[in-house]
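The values are calculated or read from the model by the stated rules, or taken from the named source; none is laboratory data. Predicted, not measured: the structure shown is a model, and the values here were computed from it. FYI the Cβ positions are ideal-geometry reconstructions off the backbone, even for glycines, and counts take in every protein chain you see. Note: accessible area is taken over every heavy atom of the protein model, side chains too, but ligands, DNA and RNA are not part of it. Shrake-Rupley method; radii C 1.70, N 1.55, O 1.52, S 1.80 Å.
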Amino acid sequence: MYFDTHTHLDDERFQEDRDTVVQKMRDARVSLAVNIGADMESSRKSIEIAKTYDGIYAAVGVHPHAAEEMSDEDIATLAQMSKEPKVVAIGEIGLDYYYDNSPRELQKQWFRRQIELAKELDLPYVVHDRDAHADCMQIIKDSGYFRGVMHCYSGSPEMAQELLKLGFYISFAGPVTFKNGKKAKEAANMIPMDRLLIETDSPYLTPEPHRGKRNDSSYVPFIAKEIAAIKGLTVEETARLTCENGKRFFGIK
Ligand code: NI
């Protein structure tokens with residue numbers, strides 16, 4: 001059994017065939033997934049999806065791309081949303097200096113505020129960090145609240161070491177399967193097996209050998225296969241351990 005800890009099944013690219021995708025995912029023995037919110041609207045959809053499908057849980061939060069539109073009222077709404085029984089985390093939140101879709105000061109402000117919110121709600125949080133490693137680390141450290149996962153890890157082994165010391169989990173997506181994914185492979189190699197999560201981030205970041213097609217949760221076994229090869233474990237063992245880690249991290253029984 002596999003756990004896809006980060007998917008965006010609410011994405012419009014799944015609008016036409018969402019039921020079929022969920023069936024395909026179950027056929028691939030992917031029994032658990034967390035649908036991740038990226039703005040207020042997708043957070044609402046995330047909850048709807050979790051209510052519709054067994055084994056699918058929801059995270060609610062605002063991505064740095066949408067930081068510019070965020071308000072205090074949204075924080076109150078997210079707190080309200082988190083009362084839904086299948087909401088298991090705040091996310092995805094963080095910093096994206098690659099696209100810079102929102103001014104950096106606002107990205108930082110709402111990243112800090114949403115970590116605080118996770119702390120207030122006693123929930124874990126899911127971090128998106130693209131080309132913003134130093135500021136991300138600073139904000140996480142300053143927050144004093146470390147129940148987080150660094151999703152689709154793209155930092156150095158040194159940064160991973162720092163995150164592990166704080167208590168963070170580290171998650172790997174499609175790029176770890178890419179031929180040019182040396183950095184992700186190196187980082188995966190040093191993450192202890194009790195802190196490692198796997199994810200698709202679908203519909204983005206399709207793993208090999210399906211690169212170029214739309215991604216979906218049924219492809220998470222390809223991430224497990226790559227991690228197994230890096231770690232010298234069987235795919236079954238990797239699936240079992242990453243599943244246990246995901247359940248522990250998100251508090252799923
Ligand atoms: Ni994502």
* For M159, which of the numbered conditions (1) open to solvent by less than 60 Å² (accessible area, probe 1.4 Å); (2) on the phi > 0 side of the Ramachandran plot fails to hold? -> (2)
* Structure fact -> By my count, strands (runs of 3 or more DSSP E) wholly in segment 147-227 with at least 1 residues that are more than 22 Å from K24 (Cβ to Cβ) and within 16 Å of the ligand (Cβ to nearest atom) are 148-150, 169-172
* Structure fact -> Taking segment 82-103 and keeping residues at positive phi and open to solvent by 10 Å² or more (accessible area, probe 1.4 Å) leaves D100
* Asked: Taking segment 124-141 as the search range and keeping residues that are within 11 Å of the ligand (Cβ to nearest atom) and open to solvent by 10 Å² or more (accessible area, probe 1.4 Å), which one is farthest from I170 (Cα to Cα)?
  -> R130
* Can you name the residue in segment 200-218 that is under 15 Å from N35 (Cα atoms) and out of contact with any Cys (no Cβ under 7 Å at 6 or more places or on another chain) and, of all such residues, is most open to solvent (accessible area, probe 1.4 Å)? -> Y204
* Structure fact -> Subset of segment 221-234, residues of a type in the set (V, I, T) and either at pLDDT below 95 or farther than 18 Å from A187 by Cβ (or both), comes to T234
* When segment 162-180 is examined, which residues are found to be out of contact with any Asp or Glu (no Cβ under 8 Å at 6 or more places or on another chain) and open to solvent by 10 Å² or more (accessible area, probe 1.4 Å)? -> E162, L164, K165, L166, G167, Y169, P175, N180
